[in-house]
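Everything below concerns the one structure shown next.
The values are calculated or read from the model by the stated rules, or taken from the named source; none is laboratory data. From a predicted model like this one, the values you see are computed outputs, not experimental measurements. Glycine also receives a Cβ, built like all others from the backbone with ideal geometry; neighbour counts cover every protein chain displayed. Ligands, DNA and RNA are excluded from the accessible area calculation, which covers all protein heavy atoms including side chains. Shrake-Rupley method; radii C 1.70, N 1.55, O 1.52, S 1.80 Å.
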Amino acid sequence: MNKGEFLYEDKAKKIFYTDDPLLVLVEFKDDATAFDGVKKDRLEDKGILNNRLSALFFKLLEDNGIKTHYQKTVSEREMLVKALDIIPVEVIVRNIAAGSLSKRLGIPEKTELKKTVLEFSLKDDELHDPMINHYHIYALELARPEEMAEMEKTALRVNDILVPYLKERNIILVDFKLEFGRHQGEIVLGDEISPDTCRFWDSSSGEKMDKDRFRADMGGVIDAYREVLRRLEGGEGPAVEGKS
Ligand code: UDP
């Protein structure tokens, strides 16, 4: 599979064409951004860790019958994925109150939600990804009702798979964001699943093991990502060595 011309880049990834029009190559960068790009930094090895973690999650989900864009890992920073027509609706799944939900509704962080909450945001950085509901989605023709039904069912299923999987590895899945796209008539899970897009808390200490460490200038961001990978890959010593 040959890496073709540059297609586009977002805050954390670059996308390239391949010689197969149905596939694109994703390259995970070390760039970290928060607050709509206002806070920026480079975190050495983040791209390598997120490539590994995303591949691991996508494989786990595929093994459980979820359609994802993941095809194969091609290098330490690159994965081959299905080319998707991205649906510009971010699907957020929440198990425990944190982040914008806590702020918006005045619910203290760590409050367990009695029922899993799904939220939708318009994928638009300039508008700061505003929260939208089904009425907006259909009025703006962002997705059709049957596509939304599929995305919602899949998002809840992903949560049902990931929560116990992570719990066994001493990690609480607080919340996460998913993106979907269309590929040959199917709704497929795309983007990435990583500590950049999920909140992971250590089950014993409650310590944050995700991008909130970067958002809040807590330090130890990459060490936390590396620890997530170590727990998920099992065994000792992931191949990605610490450089600090
Ligand atoms: N999230 C994301 N990209 C976004 C917005 C949110 O990956 O553009 C993830 C975020 O990391 C968290 C979950 O979605 O795991 C819920 O985020 P929240 O709405 O609380 O927003 P935040 O506090 O991150 O601004």
Any chance Ile107 is touching a helix residue (DSSP H, G or I) at 6+ places or on another chain (Cβ under 7 Å), away from the ligand (no atom under 12 Å from the Cβ) and not acidic (Asp, Glu): no
Residues satisfying the stated conditions in segment 78-89, i.e. under 19 Å from Ser54 (Cα atoms), open to solvent by 20 Å² or more (accessible area, probe 1.4 Å) and out of contact with any Asp or Glu (no Cβ under 6 Å at 6 or more places or on another chain): Lys82, Ala83, Leu84, Ile86
From Lys177, Lys167, Lys153, Lys123, residue being within 13 Å of the ligand (Cβ to nearest atom) and open to solvent by 80 Å² or more (accessible area, probe 1.4 Å): Lys123
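Okay, residues lined up against (1) charged (D, E, K, R); (2) in contact (Cβ under 8 Å) with a residue 40 or more places away in the chain; (3) in contact with a Cys (Cβ under 7 Å, 6 or more places away or on another chain); (4) at positive phi:
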residue: Tyr17; (1), (2), (3), (4): no, no, no, no
residue: Ala34; (1), (2), (3), (4): no, yes, no, no
residue: Lys40; (1), (2), (3), (4): yes, no, no, no
residue: Glu78; (1), (2), (3), (4): yes, yes, no, no
Those residues of segment 93-108 which are open to solvent by 30 Å² or more (accessible area, probe 1.4 Å) and either modelled with pLDDT under 95 or part of a strand (DSSP E or B) (or both), in sequence order: none
Check on Glu141, part of a loop (DSSP other than H, G, I, E, B) and in contact with a helix residue (DSSP H, G or I) (Cβ under 6 Å, 6 or more places away or on another chain): no
Any chance Ala55 is surrounded by 13 or more Cβ atoms within 10 Å (Cβ to Cβ), in contact with a helix residue (DSSP H, G or I) (Cβ under 6 Å, 6 or more places away or on another chain) and touching a residue at least 12 places away in the same chain (Cβ under 8 Å): no
Selected residue (criterion: nearest to the ligand (Cβ to nearest atom)) from residues of segment 207-234 that are assigned to a loop (DSSP other than H, G, I, E, B) and loosely packed, with under 15 Cβ neighbours inside 10 Å: Ala216
Residue count, segment 19-46 (criterion: away from the ligand (no atom under 16 Å from the Cβ) and open to solvent by less than 20 Å² (accessible area, probe 1.4 Å)): 4
Which numbered condition Ser204 fails, given (1) open to solvent by 10 Å² or more (accessible area, probe 1.4 Å); (2) within 11 Å of the ligand (Cβ to nearest atom): (2)
Any hit, segment 188-201, residues being within 25 Å of Lys82 (Cβ to Cβ) and more than 16 Å from the ligand (Cβ to nearest atom): yes
Cβ pairs under 9 Å, 6+ apart, first in segment 89-109 and over 25 Å from Ala149 (Cβ atoms), second more than 8 Å from the ligand (Cβ to nearest atom) and assigned to a helix (DSSP H, G or I): Ala97/Leu105
Yes/no for Ala155 being among the small types (Gly, Ala, Ser), over 12 Å from Ile87 (Cα atoms) and within 17 Å of the chain's Cα centre (by Cα): yes
Qualifying residue in segment 59-76 (condition: at pLDDT 95 or above and within 13 Å of the ligand (Cβ to nearest atom)): no
Extreme residue, farthest from Glu192 (Cα to Cα), among residues of segment 1-33 that are of a type in the set (Gly, Ala, Ser) and modelled with pLDDT of 95 or more: Ala32
Residues being in contact (Cβ under 8 Å) with a residue 60 or more places away in the chain and farther than 18 Å from Thr116 by Cα - total across segment 130-156: 1
